[in-house]
Amino acid sequence: MTMSRFLASRALWLACVCLGSALLATMWLAQQAIGEERSGAAATAQLVARLSALQSAGPAERAAHLAALRAINQSTRMRHLRLHVEDAAGQALVETAPKGELAHAESQWDIRARDGTVYHAALRWNPDSELREARRDVAGNVAMLSAYSVLLLCCLSWLLRRAFAPLQRILDAIGHYERKDYSVRLPAMRIRELDQVRCALNQMAGALAHHQAERRALSRRLLDAQECERARLARELHDEFGQVLAAMRADATYLVRKSAHAPMLQIVANDLAGHCARIQDEVRHLLHRLRPHGAQPDGRVACVARLLQDLVRSWSGQPGQSVRLDCVVDLGGAVLGADLTLTLYRMTQEALTNVMRHAGASRASICIARSGDQVCWCVEDDGAGIGDIDAALQRSHGLRGMHERAWAHCATLLVGDAERTGDTRGCRLSASFPLSAPEASQIQPGSQPA
């Protein structure tokens, strides 16, 4: 059903309902008017009967008839006319009228009783009932039009709300898409135009979700290739450069031993041995950054708890390092894949590097825990903190790298202030990784969404 047809059919139905209601109200007002006219006619008939009875009635009965005429004349049942009766002396017996009022009467006649008593009667036009009726009709018409208008507006408002109610679901879905949540799908809609919008949005969401999954898969492949390249470089440094350094250090030690008779030559040999030792330490540290402890030659990695313990131990063992490091890992028996394990390790490694180099902290804590079907990662310190977080995310390669790693595993890196301890501001990095994140090999680049 099209929008125009839907609105036209519902508007016609509502108009018929409102018109029927107005007709019922009009019929009710007409019944009220007919009842009043019938009551007025009955009062006029009683008035005529009482006037006729005055001709044949005795004095006592005439007093009763005159009292009945006054009651009828003063009642609200009389419409349009008012009765005026005077005796032969001009004294008003029914409704006192100003002198000369009878000259303006619509009809005048004399009533002569059997005993010769003469009554002068007159019927005058009474505008009060007409005015009341006109005011009541105007008020009724205004009230009816007002009620009809209010009813029509309420019905139209209800109709429009019902017709455009699916727009709220569409707006909610668009809000999810703006937040890069493409899992929401809209149900079928009765209105053809809205259903076409729904189909377009669902198709767009499916395409965006597929492309986002492709990008995540590609990012994870790139990270995997990066880890493979790091492992290859670590092997090359260890096998080639490490052996050469070991040989140079052995030669320097031999020169020190053989140059005991030449003090100057021995000093140079000692310096050469010290340089070789420092280079070996730097290479060992570089190897640790390229390939974490526990990584196997075939690419397998140890559990994340062991990797982080080795990482904390390596930082704690560095000379001049005074930051206290706490590490808590509680996965509740969950076994993480190698890619997620390396992601948590690399993010922790980069976070600790930032703490050591820039934070000026005295304490840093690492916490990895399972919460339902998610793994929550958090690194917090009590250092200087980050002043402008948005600028830091744009400027810092380390934070951007952590953000890309988290995004590749369907998580979002959150950067904020830590819980204040004294005057320090601190920094808190956190992310929640789903345990059921799709593997990178499940989505092939270039495939089309279903």
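The values are calculated or read from the model by the stated rules, or taken from the named source; none is laboratory data. Bear in mind that the values here come from a model prediction, so they are computed numbers and not experimental data. We place every Cβ from the backbone using ideal geometry, glycine too, and count neighbours over all the protein chains shown.
Summary of computed values
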| read-out | value |
| --- | --- |
| Qualifying residues in the stretch 400-420 (those that are free of Cβ contacts under 8 Å to residues at least 40 places away in the same chain and among the basic types (K, R)) - the one surrounded by the most Cβ atoms within 10 Å (Cβ to Cβ) | R400 |
| Hey, R257 at pLDDT below 80, basic (K, R), assigned to a loop (DSSP other than H, G, I, E, B) and farther than 22 Å from L399 by Cβ or not | no |
| The stretch 203-222 - residue that is exposed (fewer than 14 other Cβ atoms within 10 Å of the Cβ) and over 26 Å from the mean Cα position of the chain (by Cα) and, of those, farthest from H409 (Cα to Cα) | H211 |
| T353 vs. criteria in contact with a His (Cβ under 9 Å, 6 or more places away or on another chain) and either surrounded by 19 or more Cβ atoms within 10 Å (Cβ to Cβ) or at pLDDT below 85 (or both) | no |
| The stretch 56-75, residues that are surrounded by 12 or more Cβ atoms within 10 Å (Cβ to Cβ), in contact (Cβ under 8 Å) with a residue 40 or more places away in the chain and out of contact with any Phe, Trp or Tyr (no Cβ under 9 Å at 6 or more places or on another chain) | A57 |
| Lone qualifier among R179, R136, R162, R169 - being more than 30 Å from S9 (Cβ to Cβ) and surrounded by 11 or more Cβ atoms within 10 Å (Cβ to Cβ) | R136 |
| Residue in the stretch 50-72 that is assigned by TED's automatic domain parsing to the domain that holds A122 and outside any helix (DSSP H, G or I) present | yes |
| Every residue from the stretch 323-349 that is closer than 16 Å to T412 by Cα and among the charged types (D, E, K, R) | R346 |
| All positions within the stretch 31-74 that are at pLDDT below 80, within 28 Å of Y148 (Cβ to Cβ) and hydrophobic (A, V, I, L, M, F, W, C) | A33 |
| Every residue from the stretch 356-373 that is assigned to a loop (DSSP other than H, G, I, E, B), at pLDDT below 80 and on the phi < 0 side of the Ramachandran plot | A361 |
| The listed residue being on the phi < 0 side of the Ramachandran plot, at pLDDT below 80 and in the same structural domain as Q321 (by TED's automatic domain parsing), out of D382, D417 | D417 |
| Residue within the stretch 128-146 that is outside any loop (DSSP other than H, G, I, E, B), over 27 Å from Q32 (Cβ atoms) and modelled with pLDDT of 80 or more present | no |
| Residue within the stretch 299-317 that is in the same structural domain as A411 (by TED's automatic domain parsing) and under 15 Å from M402 (Cα atoms) present | no |
| Sole exception among (1) over 30 Å from W158 (Cα atoms); (2) part of a helix (DSSP H, G or I) for M78, by number | (2) |
| Subset of the stretch 320-334 [more than 37 Å from the chain's Cα centre (by Cα) and over 18 Å from A361 (Cβ atoms)] | G333 |
| Scan of the stretch 139-158 for residues that are hydrophobic (A, V, I, L, M, F, W, C) and either exposed (fewer than 14 other Cβ atoms within 10 Å of the Cβ) or within 23 Å of the chain's Cα centre (by Cα) (or both), ordered by number | A139, V142, A143, L145, V150, L153, C154, W158 |
| Count of residues meeting criterion [assigned to a helix (DSSP H, G or I) and at pLDDT 85 or above] in the stretch 182-208 | 13 |
